[in-house]
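> One structure coming up, written as structure tokens, with questions to follow.
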Ligand SMILES: Cc1cc2nc3c(=O)[nH]c(=O)nc-3n(C[C@H](O)[C@H](O)[C@H](O)COP(=O)(O)OP(=O)(O)OC[C@H]3O[C@@H](n4cnc5c(N)ncnc54)[C@H](O)[C@@H]3O)c2cc1C
């Protein structure tokens, strides 16, 4: 992961009070000049009608005194934004849209289960911070290599299991497997984010095989393997 700090007066007032919120980052396509896209009422478009390079990230921190926004971005091959961030220099232009609403923590829950892969780590950190001390928190995170493991915030009732992805297996296979072994009762809430098809399979499993009520889950596709 790399840490990207964006600054500018236009970011004033961006802060989101909720964990696992989102912003959209717009950068120039490789080789292009930066251009702020226009909102058509339906989507953002560039002047020539193309879609901008725009992706969603978790606002890790916003410093209202300097108008600086921190993002943690997974380095992965072929990513438009990942590559832009890798090569970015002080003064390079980008734009932010947002923030989008985050996760409302259910203070009546006795147990939170948080499942995710690398792009979910920034949101999982914020969720752990926001969950009350009395609530049990069980975290399962799958990473492609052990050095992608990052320190998570302290919590008095936290249990963390890191899984190594198998090179030959589809993304999030380990967390799909892990959820099958977890105790889930009526006071459990499940939050999961990761590769879209994998978290969709987790959603189906929870609803169909474990009869978990939809309102007790929050399951988000964060990225997609092209099909
Ligand atoms: C609400 C929300 C919050 C998010 N928060 C974060 C965050 O804080 N940090 C973060 O890094 N990501 C986060 N993501 C995921 C991020 O938006 C996607 O991973 C995005 O595709 C990255 O953009 P890119 O331009 O680098 O890659 P793209 O150009 O979109 O993708 C290029 C190729 O890379 C593959 N790819 C995309 N992401 C990954 C990945 N993580 N690992 C391996 N292959 C990948 C795609 O399948 C595609 O083949 C979040 C997504 C959502 C919806």
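The values are calculated or read from the model by the stated rules, or taken from the named source; none is laboratory data. Quantities reported herein were computed from a predicted structural model and do not represent experimental measurements. All Cβ positions, even for glycine, are placed from backbone atoms using ideal geometry, and neighbour counts span all protein chains on display.
> Find the residue count for the stretch 172-227, including only residues that are without any contact (Cβ under 8 Å) to a residue 24 or more places away in the chain, within 21 Å of residue 145 (Cβ to Cβ) and part of a loop (DSSP other than H, G, I, E, B).
Qualifying residue count, the stretch 172-227: 0.
> Can you confirm whether the stretch 77-84 contains a residue that is at negative phi and surrounded by fewer than 16 Cβ atoms within 10 Å (Cβ to Cβ)?
Quick first cut of the stretch 77-84, residues at negative phi only: 77, 79-84.
Subset that is surrounded by fewer than 16 Cβ atoms within 10 Å (Cβ to Cβ): 77, 80.
Yes, the stretch 77-84 has at least one match.
> Can I ask one more? Can you name every residue in the stretch 29-38 that is touching a residue at least 12 places away in the same chain (Cβ under 8 Å) and surrounded by fewer than 18 Cβ atoms within 10 Å (Cβ to Cβ)? Walk me through how you get there before you give the answer.
As a first pass, look at the stretch 29-38 and keep what is touching a residue at least 12 places away in the same chain (Cβ under 8 Å): 29-30, 34-37.
Of everything in the stretch 29-38, those that are touching a residue at least 12 places away in the same chain (Cβ under 8 Å) and surrounded by fewer than 18 Cβ atoms within 10 Å (Cβ to Cβ) turn out to be 29, 30, 34, 35, 36.
> I would also like to ask the following. So, in the stretch 131-153, exactly how many residues are closer than 23 Å to residue 59 by Cβ, surrounded by fewer than 17 Cβ atoms within 10 Å (Cβ to Cβ), touching a helix residue (DSSP H, G or I) at 6+ places or on another chain (Cβ under 8 Å) and modelled with pLDDT under 95?
Within the stretch 131-153, residues that are closer than 23 Å to residue 59 by Cβ, surrounded by fewer than 17 Cβ atoms within 10 Å (Cβ to Cβ), touching a helix residue (DSSP H, G or I) at 6+ places or on another chain (Cβ under 8 Å) and modelled with pLDDT under 95 number 1.
> For the stretch 201-209, check the following and say yes or no: at least one residue is farther than 21 Å from residue 159 by Cβ and within 16 Å of the ligand (Cβ to nearest atom).
Yes, because at least one residue in the stretch 201-209 is farther than 21 Å from residue 159 by Cβ and within 16 Å of the ligand (Cβ to nearest atom).
> Sticking with this structure for a sec: When only residues in the stretch 11-28 that are assigned to a loop (DSSP other than H, G, I, E, B) and touching a helix residue (DSSP H, G or I) at 6+ places or on another chain (Cβ under 7 Å) count, which is surrounded by the most Cβ atoms within 10 Å (Cβ to Cβ)?
Keep residues of the stretch 11-28 that are assigned to a loop (DSSP other than H, G, I, E, B), which gives 12-21, 28.
Going one step further and asking which of them are touching a helix residue (DSSP H, G or I) at 6+ places or on another chain (Cβ under 7 Å), we end up with 19-20.
On the way: 19: 21, 20: 27.
It comes out as 20.
> Under the condition of being touching a helix residue (DSSP H, G or I) at 6+ places or on another chain (Cβ under 7 Å) and within 28 Å of residue 194 (Cα to Cα), which residue from the stretch 58-75 is farthest from the ligand (Cβ to nearest atom)?
We begin by selecting, within the stretch 58-75, every residue touching a helix residue (DSSP H, G or I) at 6+ places or on another chain (Cβ under 7 Å); these are 58, 60, 67, 69, 72-75.
Filter again for within 28 Å of residue 194 (Cα to Cα), leaving 58, 60, 69, 72-75.
Working: 58: 3, 60: 7, 69: 12, 72: 5, 73: 4, 74: 4, 75: 8 Å.
It comes out as 69.
> In the set 50, 3, 55, which member is under 30 Å from residue 131 (Cα atoms), within 16 Å of the ligand (Cβ to nearest atom) and surrounded by fewer than 13 Cβ atoms within 10 Å (Cβ to Cβ)?
3
> Can we say residue 66 is outside any helix (DSSP H, G or I), under 13 Å from the mean Cα position of the chain (by Cα) and surrounded by fewer than 20 Cβ atoms within 10 Å (Cβ to Cβ)? Walk me through it before giving the result.
Working: outside any helix (DSSP H, G or I): yes; under 13 Å from the mean Cα position of the chain (by Cα): no; surrounded by fewer than 20 Cβ atoms within 10 Å (Cβ to Cβ): yes.
No, not satisfied.
> Next question. Filter the stretch 97-130 for residues that are more than 14 Å from residue 190 (Cα to Cα), surrounded by 24 or more Cβ atoms within 10 Å (Cβ to Cβ) and more than 13 Å from the ligand (Cβ to nearest atom) and give the result.
none
> Additional query: Name, by its number, the condition in (1) at pLDDT below 95; (2) part of a loop (DSSP other than H, G, I, E, B) that does not hold for residue 156.
Against the list (1) at pLDDT below 95; (2) part of a loop (DSSP other than H, G, I, E, B), residue 156 comes up short only on (1).
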